[in-house]
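Okay, so here's the structure we're looking at.
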Amino acid sequence: MLDYDSYLQKNNSMSFEESLEIYNLIFKMLECKDDYLNELWKEVVDSALIYANIRINWNYFSREEKNEKDNLRTSYHDTFMINLKAFHKLGEQLELDTSWKRKLGSSEDRKRWGDFAGYLLCIENIRAR
């Protein structure tokens, strides 16, 4: 079971509303119709899918499986973060509003960035309806 209110009390947590605000700022960037920016965004989403898959399955892995897959999980998380940073960098180069990154926080806050990967997929899923 998840106690969302308890999660929100933790340091470096992210509310759904915060993630939606970040997502909407990102989505405004995509209105510029730059092909490479849109390609990078797809890479961000694809890497979020891969990372979230192992992160969700983490809840069901045995201790041995977690030990075996820990480096892989970290690698998937790193890839998501690298892709999101590249997307941000191109947005800056195109002189777009990249204030979403400030709201997301420092990349040293890996848990928050990982939480955003999950929220991103949730929002994309709802958007696809």
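Of note:
- For residue 54, the accessible area of its heavy atoms, probed at 1.4 Å with every protein chain present, is near 10 square angstrom.
- When only the Cβ of Lys, Arg, Asp and Glu is charged (+1, +1, -1, -1), the dipole of the range 1-52 relative to its Cα centre reaches about 40 debye.
- Order by protection proxy (mean Cβ within 10 Å, highest first), peptides 91-101, 65-75, 3-13: 91-101, 65-75, 3-13
- Note on percent of Cα pairs over 26 Å apart: of the candidates (i) 22; (ii) 50; (iii) 60, the value calculated from this structure sits at (i).
- Pairwise FRET efficiency - residue 32 versus residue 8, Cβ, R0 = 41 Å, nearest 0.05: 0.80
- Whether the range 7-66 is rounded, prolate or oblate, judged on the alpha carbon gyration tensor where a/c under 1.5 counts as rounded: oblate
The values are calculated or read from the model by the stated rules, or taken from the named source; none is laboratory data. This is a predicted model, so every value here is computed, not measured. All Cβ positions, even for glycine, are placed from backbone atoms using ideal geometry, and neighbour counts span all protein chains on display. In case anyone asks, the SASA skips ligands and DNA or RNA and just uses the protein heavy atoms, side chains included. Shrake-Rupley method; radii C 1.70, N 1.55, O 1.52, S 1.80 Å.
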